[in-house]
Amino acid sequence: MRHVRDVLCVLALGLAASMPAMASSWPELPLPDDSQGEWVSRHMIHNGVPMRAARFQSQLPPAQLVRYYEQLWPGQVTVTDLGSKKIVAHGTNKHFFTIEISGGAAGSEGQIGIVEVLKETPRAEPGADFLKPSGTQVVTDTVYLDNPGRTLTMNVRMSPFQADGFYKSRLPERGWRSQDAKPCPMMALSCTASYSNGKEQMTLTFNRNGETTDMVVNQISR
């Protein structure tokens, strides 16, 4: 999805970020009275920024939902079109809100991201502590604190076969055990590798993208 987390990269990173710090207090979710919502995560760290995310459904069509937020925060919102979706953004001196709205006449679906605005830039780059080949670009690094886990997206200057071999040769010395019977084929355009380390599970997905490979890491604690 080009969900809240991706939109926040565009809209919120210019505001502020620092290394993870527990928010002293989070604002209430700004939902219309007719909405039904649920948390995606009450506390996660996205590219060094403490944030939380929720999703909701509303009986209001998108245009009326946008007007609801314009009235809730008069003169303090920006509305951006993202394909068929509307992105409503609102900032305070402590938090930055992004609401992604989609739907039609029968109602709307929304994704809400709330970022804690901090005063300093991160001391470490996203993914700085994660094993990766030289020249790798880390696009996103999200750590989930309420449901322990981590997701990274990266671009690696290797083929899927080469990237898979890099991790198969280096992860065992860090305590990770391969769960795969066969390695990634040499000419593969995509492949997946699974590892375990005690209660930790990790899946690496490699997809060829021209001369490089897009890589997704999903790590969870059981």
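The values are calculated or read from the model by the stated rules, or taken from the named source; none is laboratory data. On a predicted model such as this, the values are computed, not experimentally measured, just so you know. With ideal geometry, Cβ positions are generated from the backbone for all residues, glycine too; neighbour counts draw on all protein chains shown. Keep in mind that these areas ignore ligands, DNA and RNA; they rest on the heavy atoms of the full protein, side chains included. Shrake-Rupley method; radii C 1.70, N 1.55, O 1.52, S 1.80 Å.
One residue is enough: does the range 146-166 have a residue meeting the conditions open to solvent by less than 50 Å² (accessible area, probe 1.4 Å), farther than 30 Å from Gln59 by Cβ, at pLDDT 95 or above and part of a loop (DSSP other than H, G, I, E, B)? Among the residues of the range 146-166, at least one is open to solvent by less than 50 Å² (accessible area, probe 1.4 Å), farther than 30 Å from Gln59 by Cβ, at pLDDT 95 or above and part of a loop (DSSP other than H, G, I, E, B), which makes the answer yes. Cβ-Cβ distances below 6 Å connect the following pairs, each with a first residue in the range 200-222 that is of a type outside the set (A, V, I, L, M) and modelled with pLDDT of 95 or more, a second residue that is open to solvent by 60 Å² or more (accessible area, probe 1.4 Å) and not in a strand (DSSP E or B), and a separation of six or more residues or different chains: Arg208/Leu189; Thr212/Arg157. Considering every residue within the range 43-53, establish whether at least one is on the phi < 0 side of the Ramachandran plot and part of a loop (DSSP other than H, G, I, E, B). No, the conditions are met nowhere in the range 43-53.
Consider the range 100-130 and keep the residues that are over 23 Å from Phe56 (Cβ atoms) and within 16 Å of the chain's Cα centre (by Cα). The one that is surrounded by the most Cβ atoms within 10 Å (Cβ to Cβ) is Pro126.
Based on what the data block shows, is Ala181 open to solvent by less than 40 Å² (accessible area, probe 1.4 Å) and assigned to a loop (DSSP other than H, G, I, E, B)? Judged against the criteria, Ala181 is not a match. You will find that of Pro133, Pro50, the residue that is closer than 30 Å to Glu200 by Cβ, open to solvent by less than 20 Å² (accessible area, probe 1.4 Å) and either small (Gly, Ala, Ser) or at pLDDT 95 or above (or both) is Pro133 and no other.
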